[in-house]
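**Q** So that we are looking at the same thing, I have put the structure below in structure tokens.
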Protein chains: 2
Amino acid sequence: MNVADYIADFLYELGVRNIFMLSGTGSVKLDDAFARKKGMKYICSRHEATAVVMAEAVAKLKNNLGVAVVTTGPGGTNAIAGVVEAWVDSTPVMVISGQVSSTQYIKDRAFGIQGFNIIDNVEKFTKYSALLTDPNLIKYHLEKAVYEATSGRPGPVWIDIPMDLQSKEVDLDNMIGFVPPICDINKTHLYDLLIEKIISSERPLIAFGKGVKISKTTEKLIKILEELNVPSISARMANDAIPFSHKNYFGMGGIRGRRCAARVMKKADLLVALGTSCSFAFLGEDNACLNSGCQIAVVNIDEKIFTRKDLEIELGIQADLDNFLSYLLKNINTIKQRTNFKKWLGLCQTIKKEYPMVVDSMKGNPINSYHLIECLSQLTDSRHIFINDAGSSAYISSQALNFKDGQRELTSGAFYTMGLTLPLAIGAAVCEPNSQIIAISGDGSLELNIQELQTININNLNIKVFVINNGGYASIRDSQDAMCGGRYTDSEQILNFQKIANAFGLGYEIIETEDQIENKVKSVLSESSPMLIEVVCDSQQHMIQPLEEMKELENR
Amino acid sequence: MNVADYIADFLYELGVRNIFMLSGTGSVKLDDAFARKKGMKYICSRHEATAVVMAEAVAKLKNNLGVAVVTTGPGGTNAIAGVVEAWVDSTPVMVISGQVSSTQYIKDRAFGIQGFNIIDNVEKFTKYSALLTDPNLIKYHLEKAVYEATSGRPGPVWIDIPMDLQSKEVDLDNMIGFVPPICDINKTHLYDLLIEKIISSERPLIAFGKGVKISKTTEKLIKILEELNVPSISARMANDAIPFSHKNYFGMGGIRGRRCAARVMKKADLLVALGTSCSFAFLGEDNACLNSGCQIAVVNIDEKIFTRKDLEIELGIQADLDNFLSYLLKNINTIKQRTNFKKWLGLCQTIKKEYPMVVDSMKGNPINSYHLIECLSQLTDSRHIFINDAGSSAYISSQALNFKDGQRELTSGAFYTMGLTLPLAIGAAVCEPNSQIIAISGDGSLELNIQELQTININNLNIKVFVINNGGYASIRDSQDAMCGGRYTDSEQILNFQKIANAFGLGYEIIETEDQIENKVKSVLSESSPMLIEVVCDSQQHMIQPLEEMKELENR
């Protein structure tokens, strides 16, 4: 068995079923091995960065490794943008790249055809990276890479395989494996401290992030919330973890969050942040989203958050969420006996009713995108996966999508990266063939990876691309209004989306007035073929910034 | 004056007139400063990687700094692919990126909105990179960056400017500048050794690379070739430096070079490599392109080439080409008296006649792309700039374009990067508005940055995009034929180019038979509006590999 086939077998055994690639001479044996592997499907992307993002979608949805294969030189450097995305969003993605032949490999320069020392240049944003120098080391590299990608704070890993080694035989009897370290996770004394903090607080608020998904603890968390009558809000990447209708959940918090979540945050006296990085978008500059007397307690597997000088953490515990939440559950009756948060939860529920994202004045013409997004929520069910990426469409999606039980969302969490909607949608459609994908993109963002419309077309994926046409980069215009006296630098000319859909072989629909939304969306969702739906929205509409709104109301 | 305006002024004084950008909130003050700067033009790209490649085109054509401005987080990481391209192709490009506010900047993570410690991650493929921490240091960083980008082996540089500092005032009286080091360049004793080598050789061959363009020594080189009757060949990035009709020039050498150049290489007993990296594509594995008795002498500003273990350099001189060639010219009469290479040059000229790239059998139907490329050569003049990037279209362009005096070519030199044709063409059209751009792309490569067709459309650039439709990734198929038993992994479905041209507002023409070439190309070139011209070529056609061809002939 050669190295390329060994890799394909190894990943198949691990449960990997979809491989995203852009073929290349430098990875030709790898590509071929995956293409020949029975039970695996390979999907050709039209850019290496998008191949990695497609793999990220799989990793995020399946909570397992996503894999992309790229060629040497520009194949690898094109992939970097996607890998950093996985790094900042804690997503376990493996990139396998072809490299020039060992005899042509030279550090720091490109004397070979398309040669580049990629591993030296990706170390700081991968959890593990290695250049294969001996066929028999492939087992070790793969095992260590998978361990690193999926343990602790997950993240991307990268293995670089020179062309000559791709087809070298491995000696199955003489391969070294990787033995993962054993960690001591007994932190119960710290857990007790945190429990005491919760007991002595009056208005505790649990803020959960992607960590609950990674640790698969959503059910435990919900049980705790219900038992203790504690309210909760989410950070950007866990907005879909609990249905919005749940009585203990108040949507996404932060400066770009829901109006009700922002108000609940301001009232809390203890924020218990579980598996979230507490980003500036979430807490605001100088923790402006919190009341000045609010204490912050953090449970996170990533030690980096505890080194932040800008964040005053009262109690920080570096721990696995499952370990912590299991302990909490074990002691739930004791905590219940010593607490009563019913009134506090009731207040939060009143706020939820009083501060909806969509009000009646938004329901006219031109179409307000908040109203559009809420309609999409109403017209979809558990088999729908929502995708968005950057700018106003992502901003508004995270505020106005009322997730139902089973509905999921993929987005660019830390980076708000323009152009990721299409590759994320493709990855989702490929790994969840029974789902229908609602991909929401701005007219500006769509351009960055527009080539992937062809991938959607060729693979006939059940993706509905809703393009919010509001005349360009709406969120950047908001910044320019605020900071540059309304001088805009982006191109004002918008694509002709009907022609674009037609050129890439997709169906097309346009929604121009409010009264068309329901019928047209229903009709579009009733079919499984890929479509581009242009929604002409108000180009003058601004985004709701709940913190600013609260300040204004106070000052009146 | 604030930091952003200071940068705009500084670059204007340096002669920079075109700025390529994708607007963003993180770079909003920078974008605005460049947009307001009189005499500067900003061009909005549709991806950050392409913005950098557009800047590279300017740098390559003008032999001056190219500049791109990108936003924080994904803006910077998207740009990386373009920056590595500039690194491997020795191109002086400056990236100026927005960064999150200084108060939100944290190493190794992205807690700020779109924050990423980009400078830590680009050090190894930039000649200088810096995060601005004090407004008054901006002068130093800019001066040092420009020095590093343009001195020695040129390359990319990167300056990262936090949002809060972009609008901070600078104190013009209290700024520190950068003082470049003084280098001793007296290497005449080594030059004398090389001259003796030339004198004692019988069949010397000068191989020149991009170094002649960087050092602006093409005229000196031509004079030396003519005076000494020495033949010459070029490496990939200097194919256009000397017209192909010149009696001392035999085209591009190497495993992907011209048939005549390969034969001349095989006959030489001394290869004098000037300003070229002597890549594997140029010399072949184990220097297979050279006769086993051929000595190699190298003059190069980059020390890295002298550390290569795979390359047996007889005499290596790390020096500036202008310094070396000036010395040679000063001693030209002495050398002339002691040499007579007329017969050797005559032999080369006979070979040039005997081994054309295009033979009569290629002139039928379906269209052979060698014939097409030669026709494009014949139908163009000094105001044309040729662009190509990767795969068969680049391979064949470098073999079959017979450059005329004044004609120039831009390509992806070391990386053969798919998708660069469009951004390179845009950069060229913007900085040379009186030229007409012949952009040659494969049907596969076009997809990677297809969004930039919109940039061509919006700016109404004089670019003729010739798409060679040969049914997909032809050069990768060649590899798959050779290495994977003809199993192909790329998508076979080709875009509908007529609809694509229409969707992006470009004119369209199709050339399907050999007899249409002349008239249709003439008609297309007679207008200045942007167009996409689809040329349906033989999908079964292979690329000519002169070295393999010679071996086969020998073995007969």
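**Q** Just one of the numbered conditions (1) buried (at least 16 other Cβ atoms within 10 Å of the Cβ); (2) among the hydrophobic types (A, V, I, L, M, F, W, C); (3) over 19 Å from A:Arg258 (Cβ atoms) is not true of A:Leu372; which one?
**A** (3)
**Q** Also, quick follow-up: Residues in segment A:148-180 that are more than 12 Å from A:Pro92 (Cβ to Cβ), within 28 Å of the chain's Cα centre (by Cα) and either outside any strand (DSSP E or B) or among the β-branched types (Val, Ile, Thr) (or both): how many?
**A** The qualifying residues number 2.
**Q** Here is a follow-up. In segment B:335-382, how many residues are among the aliphatic types (A, V, I, L, M), part of a helix (DSSP H, G or I) and either farther than 21 Å from B:Gly253 by Cβ or at pLDDT below 95 (or both)?
**A** Kept after step one, since they are among the aliphatic types (A, V, I, L, M), are these residues of segment B:335-382: B:335, B:345, B:347, B:351, B:357-359, B:362, B:367, B:372-373, B:376, B:379.
Right, trim to part of a helix (DSSP H, G or I) and you get B:335, B:345, B:347, B:351, B:362, B:372-373, B:376.
Next cut, either farther than 21 Å from B:Gly253 by Cβ or at pLDDT below 95 (or both) only: B:335, B:362, B:372, B:376.
Matching residues across segment B:335-382 total 4.
**Q** Sticking with this one: Could you tell me whether any residue of segment A:499-519 is out of contact with any Cys (no Cβ under 7 Å at 6 or more places or on another chain), in a helix (DSSP H, G or I), more than 14 Å from chain B (Cβ to nearest Cβ) and not polar (S, T, N, Q)?
**A** So far as segment A:499-519 goes, yes, one or more of its residues are out of contact with any Cys (no Cβ under 7 Å at 6 or more places or on another chain), in a helix (DSSP H, G or I), more than 14 Å from chain B (Cβ to nearest Cβ) and not polar (S, T, N, Q).
**Q** What are the pairs, 6+ residues apart or on separate chains, where a residue within segment B:293-312 that is assigned to a helix (DSSP H, G or I) has its Cβ under 8 Å from a residue that is among the aromatic types (Phe, Trp, Tyr)?
**A** Qualifying pairs under 8 Å: B:Ile305/A:Phe111.
**Q** Can you find a residue that is under 24 Å from A:Ala281 (Cβ atoms), modelled with pLDDT under 90 and of a type in the set (Ser, Thr, Tyr) anywhere in segment A:528-544?
**A** no
**Q** From the list B:Leu345, B:Leu321, exactly one residue is touching a Pro at 6+ places or on another chain (Cβ under 7 Å) and in contact (Cβ under 8 Å) with a residue 40 or more places away in the chain. Which is it?
**A** Of the residues listed, the single one that is touching a Pro at 6+ places or on another chain (Cβ under 7 Å) and in contact (Cβ under 8 Å) with a residue 40 or more places away in the chain is B:Leu345.
**Q** Where in segment A:408-476 are the helices (runs of 4 or more DSSP H), entirely inside, with at least 3 residues that are away from every other protein chain (no Cβ under 13 Å) and under 22 Å from A:Phe20 (Cα atoms)?
**A** Output list reads A:421-431.
**Q** Restricting to segment A:104-131, count the residues that are surrounded by fewer than 22 Cβ atoms within 10 Å (Cβ to Cβ) and in contact (Cβ under 8 Å) with a residue 60 or more places away in the chain.
**A** Going through segment A:104-131 one residue at a time, the tally reaches 0.
**Q** I'd like to check something: does segment B:35-47 contain any residue that is within 12 Å of another protein chain (Cβ to nearest Cβ), part of a helix (DSSP H, G or I) and of a type outside the set (Ser, Thr, Tyr)?
**A** Yes: one or more hits.
**Q** Shifting gears a bit: Please go through segment A:9-34 and pick out each residue that is free of Cβ contacts under 8 Å to residues at least 24 places away in the same chain and either at the interface with chain B (Cβ under 10 Å from one of its Cβ atoms) or buried (at least 24 other Cβ atoms within 10 Å of the Cβ) (or both). Before the answer, list the steps.
**A** As a first pass, look at segment A:9-34 and keep what is free of Cβ contacts under 8 Å to residues at least 24 places away in the same chain: A:13.
Within segment A:9-34, no residue meets the criteria.
**Q** Within segment A:527-545, work out how many residues are touching a Pro at 6+ places or on another chain (Cβ under 9 Å) and in contact (Cβ under 8 Å) with a residue 12 or more places away in the chain.
**A** Result for segment A:527-545: 5.
**Q** Can you confirm whether segment B:218-228 contains a residue that is assigned by TED's automatic domain parsing to the domain that holds B:Cys260 and of a type in the set (Lys, Arg)?
**A** Within segment B:218-228, one or more residues are assigned by TED's automatic domain parsing to the domain that holds B:Cys260 and of a type in the set (Lys, Arg).
**Q** Of all the residues that make up segment A:218-257, how many are polar (S, T, N, Q), crowded, with 24+ Cβ neighbours inside 10 Å and part of a loop (DSSP other than H, G, I, E, B)?
**A** 1
Yes or no, residue by residue, for (1) within 20 Å of B:Lys29 (Cα to Cα); (2) aliphatic (A, V, I, L, M); (3) within 13 Å of another protein chain (Cβ to nearest Cβ):
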position	(1), (2), (3)
B:Gly73	yes, no, yes
B:Gly76	yes, no, yes
B:Gly112	yes, no, yes
B:Asp120	no, no, yes
B:Tyr147	no, no, no
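**Q** Only residues that are of a type in the set (Gly, Ala, Ser) and either in contact with a Phe, Trp or Tyr (Cβ under 8 Å, 6 or more places away or on another chain) or crowded, with 24+ Cβ neighbours inside 10 Å (or both): list them for segment A:441-471, please.
**A** A:Ser441, A:Gly442, A:Gly444, A:Ser445, listed by residue number.
**Q** Another question, if that's okay. Has segment B:122-134 got any residue that is under 20 Å from B:Ala68 (Cβ atoms), over 21 Å from the mean Cα position of the chain (by Cα) and either assigned to a helix (DSSP H, G or I) or among the charged types (D, E, K, R) (or both)?
**A** Yes - at least one qualifying residue is present in segment B:122-134.
**Q** Next up: Of all residues in segment B:478-498, how many are touching a helix residue (DSSP H, G or I) at 6+ places or on another chain (Cβ under 8 Å) and not in a helix (DSSP H, G or I)?
**A** 10
**Q** Checking A:Tyr128 against (1) at pLDDT 95 or above; (2) within 7 Å of chain B (Cβ to nearest Cβ); (3) in contact with a Lys or Arg (Cβ under 8 Å, 6 or more places away or on another chain), only one condition comes out false. Which one?
**A** Going through the list (1) at pLDDT 95 or above; (2) within 7 Å of chain B (Cβ to nearest Cβ); (3) in contact with a Lys or Arg (Cβ under 8 Å, 6 or more places away or on another chain), A:Tyr128 breaks only (2).
**Q** Out of B:Gly82, B:Gly15, I need the residue that is assigned to a loop (DSSP other than H, G, I, E, B) and modelled with pLDDT of 95 or more. Which one?
**A** B:Gly15
**Q** While we're looking at this one, here's another question. Name the single residue, out of those in segment A:93-110 being in contact with a strand residue (DSSP E or B) (Cβ under 7 Å, 6 or more places away or on another chain) and not polar (S, T, N, Q), that is nearest to the other protein chains (Cβ to nearest Cβ). I'd like the intermediate steps shown before the answer.
**A** Of the residues in segment A:93-110, the ones in contact with a strand residue (DSSP E or B) (Cβ under 7 Å, 6 or more places away or on another chain) are A:93-102, A:105.
Narrowing the set further to residues that are not polar (S, T, N, Q) leaves A:93-96, A:98, A:100, A:105.
Numbers: A:Val93: 14, A:Met94: 18, A:Val95: 14, A:Ile96: 14, A:Gly98: 11, A:Val100: 8, A:Tyr105: 10 Å.
By that ranking, first place goes to A:Val100.
**Q** Further question: Within segment A:191-217, count every residue that is of a type in the set (Val, Ile, Thr), part of a helix (DSSP H, G or I) and farther than 20 Å from A:Phe282 by Cα.
**A** Here is the first cut: in segment A:191-217, the residues of a type in the set (Val, Ile, Thr) are A:195, A:198-199, A:206, A:212, A:214, A:217.
Applying the additional criterion that residues be part of a helix (DSSP H, G or I) yields A:195, A:198-199, A:212, A:214.
The next check asks that each one be farther than 20 Å from A:Phe282 by Cα; those that pass are A:195, A:198-199.
Within segment A:191-217, residues that are of a type in the set (Val, Ile, Thr), part of a helix (DSSP H, G or I) and farther than 20 Å from A:Phe282 by Cα number 3.
Matching residues to (1) under 27 Å from A:Asn64 (Cα atoms); (2) charged (D, E, K, R):
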position	(1), (2)
A:Ile113	no, no
A:Asp160	yes, yes
A:Asp164	no, yes
A:Ser167	no, no
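**Q** A further question on this structure: Answer yes or no: is there a residue in segment A:80-100 that is assigned by TED's automatic domain parsing to the domain that holds A:His141, in contact with a Leu (Cβ under 8 Å, 6 or more places away or on another chain) and among the charged types (D, E, K, R).
**A** Of the residues in segment A:80-100, the ones assigned by TED's automatic domain parsing to the domain that holds A:His141 are A:80-100.
Then drop every residue that is not in contact with a Leu (Cβ under 8 Å, 6 or more places away or on another chain), which leaves A:85, A:92-94, A:96, A:98-99.
Narrowing the set further to residues that are among the charged types (D, E, K, R) leaves A:85.
Among the residues of segment A:80-100, at least one is assigned by TED's automatic domain parsing to the domain that holds A:His141, in contact with a Leu (Cβ under 8 Å, 6 or more places away or on another chain) and among the charged types (D, E, K, R), which makes the answer yes.
**Q** (1) crowded, with 20+ Cβ neighbours inside 10 Å; (2) in contact with a Gly (Cβ under 9 Å, 6 or more places away or on another chain): which one isn't true of B:Ser101, the others all being true?
**A** (1)
**Q** On to the next question. Which condition does A:Arg487 not pass, out of (1) within 14 Å of chain B (Cβ to nearest Cβ); (2) surrounded by 17 or more Cβ atoms within 10 Å (Cβ to Cβ); (3) not polar (S, T, N, Q), if it passes all the others?
**A** Unmet condition: (2).
**Q** Among the residues of segment B:339-369, count how many are surrounded by 13 or more Cβ atoms within 10 Å (Cβ to Cβ), among the charged types (D, E, K, R) and either out of contact with any strand residue (DSSP E or B) (no Cβ under 8 Å at 6 or more places or on another chain) or closer than 30 Å to B:Ser539 by Cβ (or both).
**A** Final tally of qualifying residues: 1.
The values are calculated or read from the model by the stated rules, or taken from the named source; none is laboratory data. What you are looking at is a predicted structure, and each value in this text was computed from that prediction instead of being measured. Note that each Cβ is placed from the backbone with ideal geometry, even for glycine, and that neighbours are counted across all protein chains shown.
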